[in-house]
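First comes the structure, then the notes that go with it.
Please treat every number below as a calculation from the coordinates, not as lab data. Here the structure is a predicted model, which is why all the values come from computation and not from measurement. Positions of Cβ are generated from backbone atoms using ideal geometry, with glycine treated the same way; all protein chains shown enter the neighbour counts.
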Amino acid sequence: MNFRKIVPAHKTENVKYAIRDIIVLANEVAKSGRQMYYLNIGDPNIFDHATPATVVDATCKAIKENQNGYAPSSGIKQATDAIARDAEKKGITNILDIFVTTGASEAIEICLTALLNRGENFLMPTPGYPLYTAVQSKLELESNPYYLDEKNGWQPDIEDIKSKINDKTRAIVLINPNNPTGSVCKKETLLKIIDLALEHNLVIFADEIYDKLIFDGKELTSIAALNKDVSCITFSGLSKNFIAPGFRIGWGVVSGRQDVMSDYIEAINKLLRARVSANHPEQFAVQPALEGDQSHLHLMIKKLEDRRKIMIDAFEKINGIDLVSPEGAFYAFPSIDVEDDAHFCSELIKNTGVIVVPGSGFGQKPGSHHFRIVTLPQEEILRKAFELIGEFYLSYRK
């Protein structure tokens, strides 16, 4: 019998997810018994952050009431109505459609799939969340990164965006607050992006999954709220703001002009129907999450602000590591004076047990080097981890 290897699709060759790929090495180091410091994955539940009781109770009630069958493909009405009201509070008044998905990641993938053909491209913020580049590879799209300007607080570089638009460009992704930098887009930046989208007939993918985790008493400006004509899909979900990543409940809010977006909306809904539905009982948590007690947000933001200060104070003492202070979410993206950030991060894990993700896993300007930190862990964990980073960095550079 002639056994031959099963050859995987070539579209998977460039699918990478550095946030979890780094765990392979971390698991090997952990086997040695070394104390590990997990500053790599943005899962609040593994630290001292808990899902609000109203969210848990609503889900348990739905399960007990046997809401365990298939849901409508676009989501239950109770959830989509609450999402609409929340979007309207943010100023998004020209809503065309709303759909609930298995996490915001499914919403993003469905919307990219429904829009782009092989060989086309979307403008991807760099640094940015690696889900987008993974989907890009799966759909056999052309890469088209645009850079965030570190010297300007990690704001999107408008001139770079202009230079990257071509006749195959269909959309522009905006991650706001940004993962991995924690930056928040200024209103004037958003208005310039809208102008470009309208001029070139681009769809804006507004990834606002951290929209309620904004620091220093500020609020996020949703890009879809600034112009009623621009074609936009705003993504969010329960995972980050409501500390329930395992629920896998996300959503998309489509806004813009009906005459422009109608065919695209139907294409999205074809894909939604084909995958049947998102998790059903968890959808009953959406309304109490968005409209119930929000006290957990105040507590979480206070913790994150305190932990940001610990991080800032620690890196101010380390010559060669520079940090743009994050304004939201729970990440930071320090620059580091090394030749290879992937090698630095691997050696850091082996020598200290501190797990951070190399900047190359998120994209960065050629010649620059960074690593991403998650600021979710308890203060004592962060203090020890930053101490170890500082000590190791000094020895690494010798």
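Applying 1/(1 + (r/R0)^6) with R0 = 56 Å to the Cβ-Cβ distance of ASP293 and ASP340 gives a FRET efficiency near 0.75. Distance from the C-alpha centroid of the range 370-398 to that of the range 253-275: 45 Å, rounded to the whole angstrom. Going through the cross-link list LYS138/LYS186; LYS77/LYS138; LYS151/LYS187, which pairs have a Cα-Cα distance over 22 Å in this structure? Table pairs above 22 Å Cα-Cα are LYS138/LYS186; LYS77/LYS138. Net length available on complete extension from GLN258 to GLU142 is 38.9 nm, with 0.36 nm assigned per residue and the Cα-Cα distance removed. Computed across the range 101-145, the Kirkwood hydrodynamic radius from all distinct Cα-Cα pairs reaches 10.6 Å.
Stretched out straight at 0.36 nm per residue, the stretch from ARG20 to GLU391 would grow longer than its current Cα-Cα span by 131.0 nm. Among the helices of the chain, those built from whole DSSP H runs whose Cα atoms reach 15 Å or more along their own axis and whose mean Kyte-Doolittle hydropathy is at least 0.5 are 18-30, 53-64, 103-115. Rounded to whole numbers, the Karplus 3J(HN,Hα) couplings from phi for the range 174-179 are 10, 9, 8, x, 7, 10 Hz, using 6.51 cos²θ - 1.76 cosθ + 1.60 with θ = phi - 60°, and x at Gly and Pro. Only helices enter this figure: runs of n ≥ 4 DSSP H residues, each worth -39500 (n - 2.57), summed and divided by the residues of the chain, yield -12500 deg cm²/dmol at 222 nm to the nearest 500.
Let me check against my output: what whole-number percent is the relative contact order of the chain, with C-alpha pairs under 8 Å and at least 6 apart?
Details: 765 pairs, mean separation 100.9, N = 398.
Over the chain, the number comes to 25 percent.
The share of Cα pairs per 5 Å bin across the range 176-231, counted from zero up to the longest distance, runs 4, 19, 30, 23, 15, 7, 2, 0 percent. Principal semi-axes of the equivalent ellipsoid, √(5λ) from the alpha carbon gyration tensor of the range 166-267, are 24, 17, 12 Å from largest down. Seen from all directions on average, the range 53-291 presents a Cα convex hull projection of 12.4 nm². Annotation: the residues GLU159, GLU208, GLU13, sorted from fewest to most other C-beta atoms within 10 Å of their own C-beta, follow the order GLU13, GLU159, GLU208. Starting from the Cα gyration tensor of the range 202-243, take the square roots of the eigenvalues, sort them a ≥ b ≥ c, and report rounded, prolate or oblate (rounded when a/c is under 1.5, otherwise prolate if a/b is larger than b/c, else oblate). In terms of gyration-tensor shape, oblate.
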